[in-house]
1. If you average the sequence gap of Cα pairs under 8 Å that are 6 or more apart and divide by the length of chain B, what percent do you get for the contact order?
2. Would you mind computing, in nm to one decimal, how far apart the modelled labels at B:Ala14 and B:Glu136 are, each placed 7 Å from Cα along Cα→Cβ?
3. Only bridges with both residues in region B:27-181 count here: give the DSSP antiparallel percent, nearest 5.
4. For region B:39-134, what is the accessible area per residue in Å² when the probe is 1.4 Å?
5. Taking the 0 to 90 degree range and rounding to the nearest ten, how far is the long axis of helix B:163-180 tilted relative to the main principal axis of chain B, both from C-alpha atoms?
6. With respect to the symmetry axis carrying chain B onto chain A, which residue of chain B exhibits the smallest Cβ distance to that axis, and what is the value in whole Å?
7. If each DSSP helix of 4+ residues adds -39,500 (n - 2.57) and the sum is divided by the residues in chain A, what number results at 222 nm, nearest 500 deg cm²/dmol?
8. Dipole magnitude of region A:18-89 about its Cα centre, charges +1 at Lys/Arg Cβ and -1 at Asp/Glu Cβ only, in debye to the nearest 20?
2 protein chains.
Amino acid sequence: MSSEEMSGRSATTAAQVRKDLSLFGSFGKRGLGYDVADLSERLKKILGLDRRWRVALVGAGRIGSALVEYGGFAERSYDVVAIFDSDPSKVGERWGGLRVRDISQFVSVAKDQGVEIVILAIPVEAVPSVMEYVEEAGVRGILNFAPTKLKVPERVAVKDVNMVMELEALSFALSQEDEEA
Amino acid sequence: MSSEEMSGRSATTAAQVRKDLSLFGSFGKRGLGYDVADLSERLKKILGLDRRWRVALVGAGRIGSALVEYGGFAERSYDVVAIFDSDPSKVGERWGGLRVRDISQFVSVAKDQGVEIVILAIPVEAVPSVMEYVEEAGVRGILNFAPTKLKVPERVAVKDVNMVMELEALSFALSQEDEEA
DNA sequence: GCGGCTTTGTGAAAATCTTCACAATATTAG
DNA sequence: CTAATATTGTGAAGATTTTCACAAAGCCGC
């Protein structure tokens, strides 16, 4: 497959595809393009997707439920191995094969289960107290759905996700059109 | 509130806040900062959030369910007014106050309900046929959860969302650390 | 093996985005 | 009213990202 074809399938350009790939090495053959299977495998390795990651979900609310329901994570390289909440009415519930645990058990369970990544799906107010546990447990990455900036030690990687923001970007784009009309 | 304080609360800098805002006008008072209520209202207007948007969900699968469950949309400016799927076993189900309709009814229902935005939560294979309906109905914006580049007329605004991508970025960041160690 | 065709990998140029830094302006205290 | 202090709005500088464009490879047919 050529960089041209790749760019056609994704929202980018052929030059961008080549430039991006060249940052990590030389994967293609001039005149021929890229071998899909080979490229896929080498990229997986680069992206750290050639192994499974152990993930804990913190927050058994609507977002948490949505993420577990979604299921797309397991299909990739992520195994949700524990679920936590602070609400006593939720603790004990069964979600998929897992029991929702009280957040106070986070450190011991996370260490025991070798949790590397946390999906943080809790309200902003709950963030500071939860982050203490997360930090103590030595978690290395956080996928953050709370609309706040996390304060973490440098060794912890954070990715912020905010779905409503995407919708608001759409709303903005549409409003612009209205004004032009 | 000063641009300094705003930057502290979000993942940005004071200069960035001021620059961004200056693109749309002059909202603050020198020496004083920004009036939060006033700024909030004016930004909502700019972002098109001073009105409600009528949204249709296409795809009553896991992602769709997750989004409706999540509920964050109604709290903002978005009302889900219809849900569609092509799977006969799903059509007729009640989701919240809505009945899942067959995708073949999309055009008439969307026009009838004044749907402006579509949340596309369907598998990649289903995209082309669904997009025909969406196009015909005159929808103006699409929040796309399918990992493919949509081909749309210029007047249609598209926002792509890919949650797994965020996780993969985390995975990459963590792998990098491993290599450094 | 050679000429024609294709496509990569990558410097250099262009475009965009972020940060710097400071004059302009507003408030407050005395 | 003046001096001291705070903070915006914004050109200019700096950094980063994207695009351009083309030499270097590689395949194919003859």
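The values are calculated or read from the model by the stated rules, or taken from the named source; none is laboratory data. Worth saying up front: this structure is predicted, and the values here are computed from it rather than measured. Methodologically, a virtual Cβ is constructed for each residue, glycine included, from the backbone with ideal geometry; neighbour enumeration extends over all protein chains shown. Ligands, DNA and RNA are stripped out before the accessible areas are found, and what is left, the full protein with its side chains, is counted by its heavy atoms. Shrake-Rupley method; radii C 1.70, N 1.55, O 1.52, S 1.80 Å.
1. After rounding, I find 15 percent.
2. Each label point lies 7 Å from its Cα, and together they span 5.8 nm.
3. 10 percent
4. Per residue, region B:39-134 has 48 Å² of solvent-accessible surface.
5. Roughly 50 degrees, rounded to the nearest 10.
6. Closest to the axis: B:Ala66, 2.
7. Computed ellipticity for chain A at 222 nm equals -12000 deg cm²/dmol.
8. Value, rounded to 20: 520 debye.
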